[in-house]
Amino acid sequence: GAVVSQHPSRVICKSGTSVKIECRSLDFQATTMFWYRQFPKQSLMLMATSNEGSKATYEQGVEKDKFLINHASLTLSTLTVTSAHPEDSSFYICSAKLAGVDTQYFGPGTRLTVL
Amino acid sequence: GNSVTQMEGPVTLSEEAFLTINCTYTATGYPSLFWYVQYPGEGLQLLLKATKADDKGSNKGFEATYRKETTSFHLEKGSVQVSDSAVYFCALILYSGAGSYQLTFGKGTKLSVIP
């Protein structure tokens, strides 16, 4: 149980375009989802926390207008990288948790490459 | 603030060797502690967890004991296999005011096991 999927697993896009990444909890209802960014050989950096039906809470330094997060249902959150630039190239990982449980379950990640 | 410090890698071991990856933490309260594993090209998987002092988490031959007196959560395995080659992240969760919650990661330790 507690499986989280992400789609796509890899995406290559041109500079200036927008990319949407989906995160789904497959067998549980996720009251809270998280989006992380991981740079090569580094730890995960929390970008934002989203609760179903409310606006995401962004970490300091993360541009909310550039990284749009929507958590419209208990099983789906989306991250849209708007007007992507090469410096946005990274590995984006989502996670999800149940209410009252402190364990986060992670998706397999999405490798974004912006040309 | 909260922080997690883990030994820097990379760590290279021969198959069947004993593994220890040190992890210490700083937190303004009583966190839950986790070890996550990231295999090449994949997202994070929960390896084990412990939620209170003296708890021992274990999974797949790995163990870690929550030591409040030394603020540590060292990961151990008696006999590593080539398939254990991955990056290991120590992490903590601490609930703060108004129900907020954040997972804080260490920088990760890369383990390579050679036949």
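The numbers here are math on the coordinates, done by the rules we state, and not lab data. Note that the coordinates shown come from a computational prediction; the quantities given were computed from them, not determined experimentally. Here the Cβ positions follow ideal geometry from the backbone for every residue, glycine too, while neighbour counts run over all protein chains shown.
Numbers for the structure displayed
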{"quantity": "Max mean-square fluctuation residue, GNM over chain A, Cα-Cα springs under 10 Å, options A:GLN42, A:GLN60, A:GLN29", "calculated": "A:GLN42"}
{"quantity": "Relative contact order (%) - chain A, alpha-carbon pairs under 8 angstrom, separation at least six", "calculated": "37 percent"}
{"quantity": "Choice from B:GLY41, B:GLY57, B:GLY78 showing the highest fluctuation, given a GNM over chain B with Cα pairs closer than 10 Å", "calculated": "B:GLY41"}
{"quantity": "DSSP bridge pairs, the protein assembly as shown: antiparallel proportion in percent, nearest 5", "calculated": "90 percent"}
{"quantity": "Antiparallel bridge percentage (DSSP; both residues within chain B; nearest 5)", "calculated": "90 percent"}
{"quantity": "Under the Debye formula (equal points on every Cα, no solvent term), log10 I(q)/I(0) of segment B:4-115 at q = 0.11, 0.15, 0.16 Å⁻¹", "calculated": "-0.33, -0.60, -0.68"}
{"quantity": "Whole-angstrom gap from segment A:1-72 to segment B:1-61, using each part's C-alpha centre", "calculated": "24 Å"}
{"quantity": "Partnerless Cys - the protein assembly as shown, beta-carbon criterion under 4.7 Å", "calculated": "A:CYS13"}
{"quantity": "Normalised contact order of chain B, rounded percent, pairs of Cα under 8 Å and 6 or more residues apart", "calculated": "36 percent"}
{"quantity": "P(r) of chain A over all Cα-Cα pairs, binned every 5 Å from zero, in whole percent", "calculated": "2, 13, 24, 26, 20, 10, 4, 1, 0"}
{"quantity": "Rel. contact order, % - alpha carbon contacts under 8 angstrom, at least six apart, segment A:1-67", "calculated": "22 percent"}
{"quantity": "GNM flexibility winner over chain A from A:ALA99, A:ALA84, A:ALA48 (Cα, springs under 10 Å)", "calculated": "A:ALA99"}
{"quantity": "Inter-label distance for A:LYS14 and B:ILE114, nm, one decimal - labels placed 7 Å from Cα along Cα-to-Cβ", "calculated": "4.7 nm"}
{"quantity": "In nm, spacing of pseudo-spin labels at B:GLU8 and A:ASN51 (7 Å Cα→C-beta vector)", "calculated": "4.0 nm"}
